[in-house]
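Report on one structure; see the data block that follows.
No lab work stands behind these numbers, since they all come straight from the coordinates. All figures in this text were calculated on a predicted structure; none of them were measured in a lab. Glycine also receives a Cβ, built like all others from the backbone with ideal geometry; neighbour counts cover every protein chain displayed.
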Amino acid sequence: MATIDTTKDAIAGARTRMEKAIEDFRKETATLRSGRANATLLDAVRVDYHGTPMPLNQLGSLTVPDPTLIVISPWDPAVVPLIDKAIRTSDLNLNPTNDGKIVRVPIPAPTEERRKDMVKHLHKVLENHRTALRNVRRDAKEAIDKLEKDKKISQDEQKRALDELEKLSHSETKKVEDLSVAKEREIMAI
């Protein structure tokens, strides 16, 4: 953390870092496949375009015309076979089709076993982000304790700041857990 002169700086820095961790959790869980098509599902797919790995959304437009289909309309028709290959070789277990102009990616409903595997992965991601939040809290606590040790703040102010930090930590952890519960419900819904 940067140099911290007040408890407000420590709390504000912790809040910013915790919000980034929550946003990262949202992005990571968006790529988990539920039964419905979602363009963010293909965010991790990279297409080797002229020797450079490019994200799909930079090679064409992605649309979701119905809950079981993603349609990719590339701006350059020559890239259609490359997009098809990139999706097939990804670990998403998807089987795209193309007509030479657009790529259609049907999204099959995952099996019960696959859903349980996704929930296990979700729990790992959740635990990693809980740990990140705890690390942010620990860093902020150390900064506040150092301020008190260096006699920049009183013990009363230290206690108030630590209480505020604890409340912030609990609320942000609850947000991540609520997002996880919602995503788990979405994954397990048939």
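Helix 7-30 sits at what angle to the longest principal axis of the chain, using alpha carbons and giving 0 to 90 degrees rounded to 10?
Result, in degrees: 20.
When the distances between all Cα atoms of region 1-73 are binned every 5 Å from zero, what whole-number percent does each bin get?
Distribution as computed: 3, 14, 15, 15, 13, 10, 8, 8, 8, 4, 1 percent.
DSSP beta bridges in the chain, what fraction antiparallel, as a percent rounded to 5?
Given both bridge residues lie in the chain, the antiparallel proportion sits at roughly 100 percent.
About its Cα centre, how strong a charge dipole does the chain have in debye, to the nearest 20, once Lys and Arg get +1 and Asp and Glu get -1 at the Cβ?
Dipole about the Cα centre, nearest 20: 220 debye.
As a quick test, which of the pairs Lys20/Lys159; Lys85/Lys124; Lys124/Lys174; Lys85/Lys120; Lys8/Lys175 have an alpha carbon distance above 18 angstrom in this structure?
With Cα atoms farther than 18 Å apart: Lys20/Lys159; Lys85/Lys124; Lys85/Lys120; Lys8/Lys175.
How big is the charge dipole of region 90-190 about its Cα centre, in debye rounded to the nearest 20, if each Lys and Arg gets +1 on its Cβ and each Asp and Glu gets -1 on its Cβ? Numbers along the way, then the final one.
On the way: 23 positive and 21 negative charges, 16 e Å.
Magnitude of the dipole: close to 80 debye.
Which percent of Cα pairs goes in each bin when the distances of region 1-159 are cut into 5 angstrom slices starting at zero?
Percent of Cα pairs in each bin: 1, 8, 14, 14, 11, 10, 9, 8, 7, 6, 5, 4, 2, 0, 0.
With viscosity set to 1.567 mPa s and temperature to 4 °C, compute the Stokes-Einstein D of region 39-106, Rh being the Kirkwood radius across alpha carbon pairs; µm²/s, no decimals.
111
Over all alpha-carbon pairs of region 70-138, lay out the pair-distance distribution in 5 Å bins, whole %, shortest bin first.
Reading upward from the zero bin: 3, 15, 16, 14, 12, 10, 12, 10, 6, 3, 1.
Let me check against my output: what whole-number percent is the relative contact order of region 39-106, with C-alpha pairs under 8 Å and at least 6 apart?
Relative contact order for region 39-106 comes out at 28 percent.
With an 8 Å Cα cut-off and a minimum separation of 6 or more residues, compute the relative contact order for the chain in percent.
Once normalised by length, the contact order is 27 percent.
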